[in-house]
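The values are calculated or read from the model by the stated rules, or taken from the named source; none is laboratory data. Please read all numbers here as calculations on a predicted model, not as lab measurements. Here Cβ is always computed from backbone atoms with ideal geometry, including for glycine, and neighbour counts include all displayed protein chains. What goes into the accessible areas is simple: the full protein's heavy atoms, side chains included, and nothing from ligands, DNA or RNA. Shrake-Rupley method; radii C 1.70, N 1.55, O 1.52, S 1.80 Å.
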Amino acid sequence: MAYTAEAPAIAAGDDPMVPRIGRVRRRVRELSDVWTLTVEMEDGRPLAFAPGQFNMLTAFGVGEAAISISGDRDRADSGLIHTIRAVGPVSGALTRLGPGDVIGVRGPFGVGWPVDAAKGSDVVIVAGGLGLAPLRPLIYAVLASRKDYGRFALLFGARTPADILFRREIEQWRRRLDVEIQVTVDTSGEDWYGNVGVVTALVPQASFDPQNTIAYVCGPEVMMRFGAAALRDAGVPDTAMYLSMERNMKCGVGLCGHCQLGTAFVCRDGPVFRNDVLRPLMAVKEL
Amino acid sequence: MTTDGAGSGPTAIIERRDLQALFDVLLQRGYRVVGPTRRDEAIVYDDIAVIDQLPAGWTDEQEGGRYRLKRREDAALFGYAVGPHSWKKFLHAPIQQLWRARREGDKTTVEHEPPRPERFALVGVRACELHAIAIQDKVFLNGEHADPHYRARRNDAFIVSVNCGKAGGTCFCVSMNTGPKVAGGFDLNLTELLDGGQHRFLIEAGSDAGREVLDQLPKRPATSQDAKAADAVIAATASSMGRSMKSDDVHQLLLRNLDHVRWNNVAERCLACSNCTMVCPTCFCTSVEEASDLTGTESSRSRRWDSCFTMDYSYVHGGSVRSTTRSRYRQWMTHKLSTWHDQFGTSGCVGCGRCITWCPVGIDITEEVAAIRSSEPH
Ligand SMILES: Cc1cc2nc3c(=O)[nH]c(=O)nc-3n(C[C@H](O)[C@H](O)[C@H](O)COP(=O)(O)OP(=O)(O)OC[C@H]3O[C@@H](n4cnc5c(N)ncnc54)[C@H](O)[C@@H]3O)c2cc1C
Ligand code: SF4
Ligand code: SF4
Ligand code: FES
């Protein structure tokens, strides 16, 4: 006898490989190849998540991809938010889904950013490109209880001014007096008056107490290596740095093997790792 | 499912001519009986209903990259080592549909058959293979998310194990502490005895289900003579292992040597063909694939066995994390012998020797470990 996944407790609880049904409510173009989807679960049960966690999203008939949650955990009932770059078949199909279209959701999976660990400390966020998307829920969480944290610096790098993700929101954050925001681009056009260069070069300029800081880094792997090195040079210990890793993922729940990184399953033990754990793994080529 | 630890209770003797009764009782009880049989010049695991389907009087010769069947001088039913198949093909299906989605008008539903509990009786499971099953149990059942398909097949499985009467040319279970003597995890356990011209089996039950089946079999109590004969069989097997590996420190040895030059050396020989992962009884990796009909109203997802030797396995946008054979062989071997301990609290290798025998170029995991050990840079 077949039963349907609309009985969510069974589908989600019993078989971790069966997606729940969601519907796209909103689709917003962020950049030339990046869209943000707001998804509502068909069963009406919002999906509670922690900043830094991801879902496995299905474009029916095409396939599934791991996509971080980019929304606000305190507003989970107003929809599940994902920001997706179209790079191939699955991500392409996901970004073509419009209002009313059906999408499959498994998750949330993985270990996210520690949010409370930084209370009482300065917060430094180093993001490269689409790496800002998985960090956005963390930014929301910190800003929501801003007084619990020390200084707050967001350092963000994009390839060109046209690649600056969440640009309007960054401008809003920038207007607050209690945040330091630095944006840099690798190559600029004529109408860019900001920083030019790699994001890691912003680290020495940011104001934070390296002995009392928690740093969060997400972006392409090379950028994270350099970002972690710059933070270390500034005096932040590996035990106070968190990085989010990307690996091939087919299950998200520790059963398919694909995401292994040395001793770790990135889907289950990560994607966010503390750098003292991660650094020895990253030091081995092609591990 | 097996419940007890080691074989307990009295042992009995069942004569060769009466052993068909075991199959009859298992079939009567609704089990799908699978066991060793000879096909295409190899001993494989398949459905068997009658005892004549067992490879009576056959044995195997195994070496690196070589497998050959030959006649024995006697009519032993289990007188060979393990072949290219393992029991994972029954418990962890090579292809498994995960769900089907159907669109009707505005409505999409995802349907998945509740896993159909197949009640397998696995006959002829060796000690190393019992350990391999226990290892896959840890992977599929003991984590935060269990695999319902594996669970459905595993829960009701009835296991008839056999103490090995002959070590294969590539076996090293003694080194891995997994054999040749069966030490638990079975419903019934057999030792094949051929001494004194009497073909018989020492049989013991390891669970309530095993005792129930045993009660229905024609048998006589075992004598101390029979017990001694069984011990001798196991001792002879233990002392004739084809391979050996020092395993107590291999976990740390490999972690210390992730940049050893030996990985370059093995990469020059390895074809990245994936044979070793397919025959390994503990390898569990899978990939998923999507299918859809032409109209786009139905789609489905299936998973199938995958191998860390493929390029796709570690692909992320922009390229494969492990683009070289060196890193892929290293991933496989360090996972088996090293990181598996960190992940699951046990070795991922049981010393069955399959990966050595079925490697087309005869790469030998025991030799690779020995090579690294003997040339560890200080
Ligand atoms: C934890 C995590 C979080 C992520 N968060 C985001 C996010 O927020 N936004 C975003 O745009 N992207 C994110 N990604 C990357 C995204 O999963 C890949 O871009 C996507 O899988 C690419 O698939 P594709 O078919 O569109 O493209 P292609 O790169 O062309 O894929 C080709 C083949 O490779 C496979 N493949 C490629 N990358 C992966 C992967 N990482 N895992 C499994 N299979 C893969 C595909 O399944 C496909 O079979 C994340 C990845 C991970 C692991
Ligand atoms: S690694 Fe080789 S010897 Fe070890 S269990 Fe797998 S196939 Fe058998
Ligand atoms: S070790 Fe042998 S069996 Fe394994 S992938 Fe390499 S060539 Fe194939
Ligand atoms: S994604 Fe399958 S084990 Fe991590």
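General remarks:
Conditions (1) within 16 Å of ligand 2 (Cβ to nearest atom); (2) modelled with pLDDT under 95, marked per residue:
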| site | (1), (2) |
| --- | --- |
| B:ASP259 | no, no |
| B:ASN264 | no, no |
| B:GLU268 | no, no |
| B:CYS273 | yes, no |
| B:LEU294 | no, yes |
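- The number of residues in the range A:231-287 that are within 30 Å of B:VAL261 (Cβ to Cβ) and among the polar types (S, T, N, Q) comes to 4.
- Number of residues in the range B:257-306 that are within 16 Å of ligand 4 (Cβ to nearest atom), open to solvent by less than 20 Å² (accessible area, probe 1.4 Å) and not in a loop (DSSP other than H, G, I, E, B): the value is 4.
- Residue count for the range A:62-80, restricted to those that are among the hydroxyl-bearing types (Ser, Thr, Tyr) and touching a Phe, Trp or Tyr at 6+ places or on another chain (Cβ under 9 Å): 2
- Every residue from the range A:93-138 that is among the charged types (D, E, K, R) and over 15 Å from A:GLY71 (Cα atoms): A:ARG96, A:ASP101, A:ARG106, A:ASP116, A:LYS119, A:ASP122
- When A:GLY219, A:GLY257 are screened for being away from ligand 4 (no atom under 16 Å from the Cβ), open to solvent by less than 30 Å² (accessible area, probe 1.4 Å), within 20 Å of B:TYR315 (Cβ to Cβ) and not assigned by TED's automatic domain parsing to the domain that holds A:ALA65, only A:GLY219 passes.
- Hey, B:ASP248 open to solvent by 80 Å² or more (accessible area, probe 1.4 Å) and either within 18 Å of B:GLY184 (Cα to Cα) or modelled with pLDDT under 95 (or both) or not: no
- No other residue among B:ASP52, B:ASP24, B:ASP46, B:ASP74 is outside the structural domain of B:ASN275 (by TED's automatic domain parsing), in a loop (DSSP other than H, G, I, E, B) and open to solvent by 20 Å² or more (accessible area, probe 1.4 Å) apart from B:ASP74.
- Cβ pairs under 9 Å, 6+ apart, first in the range B:325-346 and more than 11 Å from chain A (Cβ to nearest Cβ) and part of a helix (DSSP H, G or I), second within 16 Å of ligand 1 (Cβ to nearest atom) and modelled with pLDDT under 95: none
- A:PRO89 under 22 Å from B:GLU298 (Cα atoms), at pLDDT below 90 and touching a strand residue (DSSP E or B) at 6+ places or on another chain (Cβ under 8 Å): no
- Test for A:GLU286: is it open to solvent by 10 Å² or more (accessible area, probe 1.4 Å) and at positive phi: yes
- A search for C-beta distances below 8 Å between a residue of the range B:80-91 that is crowded, with 23+ Cβ neighbours inside 10 Å and any residue that is among the acidic types (Asp, Glu) and outside any helix (DSSP H, G or I), counting only pairs 6+ apart in sequence or on different chains, returns B:TYR80/B:ASP60; B:ALA81/B:ASP60; B:GLY83/B:ASP60.
- Residue check, B:GLU367 of a type in the set (D, E, K, R), within 16 Å of ligand 2 (Cβ to nearest atom) and open to solvent by 60 Å² or more (accessible area, probe 1.4 Å): yes
- Filtered residues of the range A:222-250 (kept if open to solvent by 50 Å² or more (accessible area, probe 1.4 Å) and closer than 19 Å to A:GLY129 by Cα): A:VAL222, A:ARG225, A:PHE226, A:GLU246
- Residue satisfying all of: in the range B:344-359; among the polar types (S, T, N, Q) and crowded, with 21+ Cβ neighbours inside 10 Å; farthest from ligand 1 (Cβ to nearest atom) among these: B:THR357
- When we screen A:ASP101, A:ASP74 for residues that are open to solvent by 40 Å² or more (accessible area, probe 1.4 Å) and closer than 25 Å to A:VAL217 by Cα, the only hit is A:ASP74.
- Hey, B:VAL361 assigned to a loop (DSSP other than H, G, I, E, B), closer than 16 Å to B:PHE172 by Cβ and of a type outside the set (Ser, Thr, Tyr) or not: no
- Test for B:ARG154: is it over 27 Å from B:LEU77 (Cβ atoms) and either away from chain A (no Cβ under 14 Å) or basic (Lys, Arg) (or both): no
- For A:PHE265, the stated conditions hold: it is facing another protein chain (nearest Cβ under 9 Å) and crowded, with 22+ Cβ neighbours inside 10 Å.
- On the stretch given as the range B:309-322, residues that are of a type outside the set (Val, Ile, Thr) and more than 7 Å from every other protein chain (Cβ to nearest Cβ) total 6.
- Residue match in the range A:121-129 (condition: crowded, with 19+ Cβ neighbours inside 10 Å and among the polar types (S, T, N, Q)): yes
- Among the residues of the range A:143-164, those identified as outside any loop (DSSP other than H, G, I, E, B), more than 15 Å from A:LEU177 (Cβ to Cβ) and without any contact (Cβ under 8 Å) to a residue 60 or more places away in the chain are A:ASP148, A:LEU155, A:PHE156, A:ALA158, A:PRO161.
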